[in-house]
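Each value in this text was obtained by applying a stated rule to the coordinates, not by laboratory testing. This structure is a prediction, so every number in the text was calculated from the model and none was measured. As a convention, Cβ positions derive from the backbone with ideal geometry for all residues, glycine included, and neighbour counts pool all protein chains shown.
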Amino acid sequence: MSRVGYTSLALGALLGLRARKLRTVLSGLGIAIGIAAAVAVLGISASSRANLLAQLGAEGNLVTVSAGQNFDGSPAPLPLTAEPMIARIPPVESVTAIGYVPGATVLRTAAIPAIDSGGISVYAAQPGLLATLDAGNEQGVAAGTFLNAATARYPAVVLGAVAAQTLGIGQVGPATQVYLAGRYFAVIGILRPVPLVPALDEAALVGFPVADQLLGLDGSPTQIYLRALPDQVQPVVSVLPFTANPAQPEAVQVSLPSSILAARAAARTAYAGLFLGLGAVAVLVGGVGIANIMVIAVLERRAEIGLRRALGATRRRVGVQFLTESVLLSALGGTAGVLAGAAATAGYAVASAQPAVVPAISVALGLGIAVGTGALAGVFPAARAARLAPAEALRAT
């Protein structure tokens, strides 16, 4: 068939679809929804994976050492020497610690009952906490400043993101205070969310010196965070229990926050297969709808088919004409679905502050599946149109 022939087929198919606009839109909607769901699922998964890889690149060498339990189930606190001993391990680049202060409540004012504390925990923290967590003062603190060597010795507190919201504190000023463990502490900073250590989001952080003097903490850390050379993380992890607590290495818990991060990402994408399945069902329904509209089109256009056959059109050309309409209708639905899926991916990426990634293979597969579905849906109507005899088709009018 010549180029002119292909062009006339495409134009004829387009005119045939335009003659039944509403029916065409409704028939292509199923294909569009299915392809949009598939592209959006693959795009969101790719965006989350790209964000995860970016975070793992920065957080893969962060290790957490926590106090565990004895064989009888009683708490086994980390020794006071745990942090300085861990700092002596050659591949360790930085190390810091926090200590949980039991029984301390944080209230907006002394007039509020202790039962309305909102579940805010109190931790003693070292000034190098944010540096070790790789947040940095500018990025890790939403307002004010973090603890330093001077403020750690005075009744000063830094609130986590959720803790500040619970207390109704959005800004930090000279008069901003909270009632912590029976005395007022000056609020000097508010943290941004810390994805790898979510406990800090619901915590109030004070310095170790003031926690020892005013809150009864004995200086023992409950968690130690350290950064090791990326290619030496596993060797460091293997010696941490014996280094942190030589007397009871079995009571030391060591974890990699990056593993927790990966598990969260896997949980978020656990339903990706379900959505892909629903997309496939939508494409199938759309294909059935296209086949239905093409069969109806054959019945409605018997006079046109008879006239074209009488004027010399071959069975093959008539069949290809209807097959082209089916493929074009499905391709238009697939294109709309790809655009909708890409838009959904971009919207999700913007809302979750992630990079927007739409895999090229999802676009290619989406369009390919749409065209393939249209071709399969148009085979029977095209064959039926091709089998109509000219005389029979003209008598049907």
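Listing for the model above:
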quantity: Calculated from backbone phi, Karplus (6.51, -1.76, 1.60) coupling profile of segment 237-247 in Hz, x at Gly/Pro; calculated: 4, 5, 9, 4, x, 6, 7, 5, 9, x, 6
quantity: Linear extension gain, VAL285 paired with THR314, 0.36 nm per residue minus alpha-carbon span; calculated: 7.3 nm
quantity: Chain lengthening between ARG183 and LEU22 when straightened (0.36 nm per residue, less Cα-Cα); calculated: 50.8 nm
quantity: Ranked by how many other beta carbons lie within 10 Å on average, peptides 212-225, 83-96 from highest; calculated: 212-225, 83-96
quantity: Cα-only Debye scattering, segment 126-200: base-10 log of I(q)/I(0) at q = 0.19, 0.20, 0.26 Å⁻¹; calculated: -0.76, -0.85, -1.36
quantity: Estimated inter-spin distance, LEU376 and ILE89, nm [label 7 Å along Cα→Cβ]; calculated: 5.5
quantity: Gyration tensor verdict on segment 82-223 (Cα atoms; rounded if a/c is under 1.5, prolate if a/b is larger than b/c, oblate otherwise); calculated: prolate
